[in-house]
Amino acid sequence: MDRRYWMEISYRRMVMQTTNLKRALIGALFFLPFSTIADQANNSGTPESQSSELDIRPYQAEYKVFRGGSEYGKGSRSLLQVEDGLWYLETSTDVSWLFLSDRRQEKSWFKVFDDHVVPLQYKQKRSGTGPDYLSFVLFDHRLKKVKEIGDYDEFEAVYQSGVLDGASYQFQMMRDIQAGVKDITYPIIMSGENKEYRFKLIGEEELETPFGKLATVKLERIRGNKKRQTYVWLAKEYGYVVARIWQAKGGSEQADLQISHFKWLKQAPHPELKTALKVSAPPDKTE
């Protein structure tokens, strides 16, 4: 076999390894839906009132991505207040290996009613090695419709109460665990499909991270496929933000995301973030 053949084989193996790492990372950091299934609407289909027993504080967190002890990339997430009751969550990852790269960004606009998330709009963008991708998900609560518009397809469905998007579930997770929920199922809209994820609270654990030692609670994702394992740690002293996500397949580590920096942000509105909304937010009270 000539040298060109072995170069091609080596390249294919590198692509496969990088693809597996990227899939594990994205599946770990940004597609672990968390939210309790609860009725959030009245007979007219709009939430009745806005209240919050648990304080919501804006924050910014940064992460490092490891595999086998080596650092492969970084991630971040920020929660900002758009206006009273309206919030914006942004997450991103940037993973690279040799000459291959994968960059992803997610943005979610949502309101909070009675400690439950009501999604309004979700945006996902991917760039790097391979095809780029851009997708919008619009939640029209007045018409009770969910519409996803992507580069390659378009999807529309009836909105079901309690369904979240690919990013806002993370905020709902923090609320649920902080409120003492131990076994939870989360419905989300992802890539034109309705999916459910189930998580079980394992217990408390002191965790070493690049950010330092943290008091955390540990969760396990319950899967039908026993070959894949996913564990999530939430930092108790920092609003139950994600502190670590570890994922394995067939007993082999796929990705290990760990928090490296965290800070609380000033509680101040960011009205400029509202200009990107393509749907109207539901009223705080039924008229």
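Across the cross-link table entries Lys107/Lys213; Lys74/Lys107; Lys147/Lys274; Lys218/Lys263; Lys64/Lys218, which are compared at the Cα atoms, the separations over 25 Å belong to Lys107/Lys213. Taking packing as the residue-averaged number of other Cβ atoms within 10 angstrom, the listed peptides 249-255, 111-117 run from highest to lowest as 111-117, 249-255.
Working note: Karplus 6.51/-1.76/1.60 with θ = phi - 60° gives segment 222-237 the couplings 8, 10, x, 8, 6, 6, 9, 10, 9, 10, 10, 10, 10, 7, 5, 7 Hz, where Gly and Pro are set to x. Between Glu71 and Lys226, the distance separating the two model label sites (each 7 Å from Cα on the Cα→Cβ line) works out to 3.8 nm.
Short-range pairs are left out: with C-alpha atoms under 8 Å and at least six residues apart, the relative contact order of segment 132-221 is 17 percent. Packing order of peptides 59-66, 262-269, 213-220, 160-167, highest average first: 160-167, 59-66, 213-220, 262-269 (average count of other Cβ atoms within 10 Å over each peptide's residues). Based on C-alpha pairs under 8 angstrom that are at least 6 apart in sequence, segment 154-287 has a relative contact order of 15 percent. Each Lys and Arg adds +1 at its Cβ and each Asp and Glu adds -1 at its Cβ; summed about the Cα centre, segment 33-276 shows a dipole of about 560 debye. Note on segment 85-173: with charges restricted to the Cβ of Lys and Arg (+1) and Asp and Glu (-1), its dipole about the Cα centre is near 180 debye. Two numbers describe the Cα atoms of segment 33-276: Rg and Dmax, which are 17.8, 55 Å.
A short reminder: the numbers here are calculations on the coordinates, not readings from a lab. Note that the coordinates shown come from a computational prediction; the quantities given were computed from them, not determined experimentally. Cβ: placed from backbone, ideal geometry, glycine included. Neighbour counts: every protein chain shown.
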